[in-house]
Amino acid sequence: ASYIHNACEFTGLDLASVAILTTTNRQGRLLEKSLRAEHSDLRARFMESKYFDVFYPGVKIGTLHASKGLEFGIVILHKIDDEFPRDVTGGKDESEEHERARKALFVACSRAMERLCIISPGYAESKFLSDLSDDVWKFQYSERSEKCR
């Protein structure tokens with residue numbers, strides 16, 4: 001919540017410009033419930049792909065797939081761990097699946113226009129995050145394994 005408020009203040013954007021992207025609908029629903037209980041001022045709402053409302057005046061929560069083709073001022077990728085992405089399959093071998101997953105993360109990152117924050121649990125940082133050069137990150141909170149740009 002503090003990152004969202006600080007990023008909005010720094011960029012001059014409002015809450016309607018913020019999207020939190022998760023890997024599953026279940027994660028998104030749990031996150032909405034938690035944010036509504038603890039940070040009602042964010043007006044966070046989970047939206048499934050077919051009901052994604054880009055005009056909603058609060059923080060939008062959706063899956064990586066729901067954000068396809070959309071851009072937001074501020075994007076937070078939530079719980080990007082070594083299991084990310086769970087639903088990218090179809091590769092002929094392990095290296096092809098790894099490449100497809102790496103591209104999916106890149107596409108998710110490219111949804112951000114001004115600020116990007118990637119949150120990964122400290123116990124299982126994504127192997128894909130090591131592909132992101134540290135020199136592009138303006139803020140790094142290593143104690144919580146968050147990288148924010």
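The values are calculated or read from the model by the stated rules, or taken from the named source; none is laboratory data. The model shown is predicted, which means the values in this text are computed figures rather than measured ones. For neighbour counting, all protein chains shown are included, and Cβ atoms are generated from backbone atoms with ideal geometry for every residue, glycine included. The area values use the complete protein model at the heavy-atom level, side chains included, leaving out ligands, DNA and RNA. Shrake-Rupley method; radii C 1.70, N 1.55, O 1.52, S 1.80 Å.
Got a sec? What order do F46, F55, F10 fall in by accessible area at 1.4 Å, biggest, i.e. largest, first? Spell out each step's value before the answer.
Values: F46 25, F55 175, F10 145 Å².
The ordering from most to least exposed comes out as F55, F10, F46.
Need one value: the accessible area of T11 in square angstrom, 1.4 angstrom probe, rounded to the nearest 10.
Around 40 Å² of this residue is reachable by solvent.
At 0.36 nm per residue, minus the direct Cα-Cα distance, what do V107 and T11 gain on full extension? Give it in nm, one decimal, please. Kindly include the intermediate steps, with their values, before the conclusion.
Working: separation 96, 0.36 × 96 = 34.56 nm, distance 2.21 nm.
Here the answer is 32.4 nm.
Can you pick out the pairs among K33/K79; K33/K68; K68/K103 whose Cα atoms lie more than 19 Å from each other?
Details: K33/K79 16 Å; K33/K68 23 Å; K68/K103 13 Å.
Where the Cα-Cα span goes over 19 Å, the pairs concerned are K33/K68.
Sort V18, V54 by accessible area with a 1.4 Å probe, largest first. Walk me through the numbers before you get to the answer.
On the way: V18 0, V54 60 Å².
Correct descending sequence by accessible area is V54, V18.
How large is the convex hull of the C-alpha atoms of region 1-60 per residue, in Å³?
Numbers: hull volume 4.6 nm³, N = 60.
With only Cα atoms used, region 1-60 gives 77 Å³ per residue.
Summing Lys, Arg as +1 and Asp, Glu as -1, what charge do residues with Cβ under 15 Å from the Cβ of E32 carry, E32 excluded?
For residues surrounding E32, the net value is +4.
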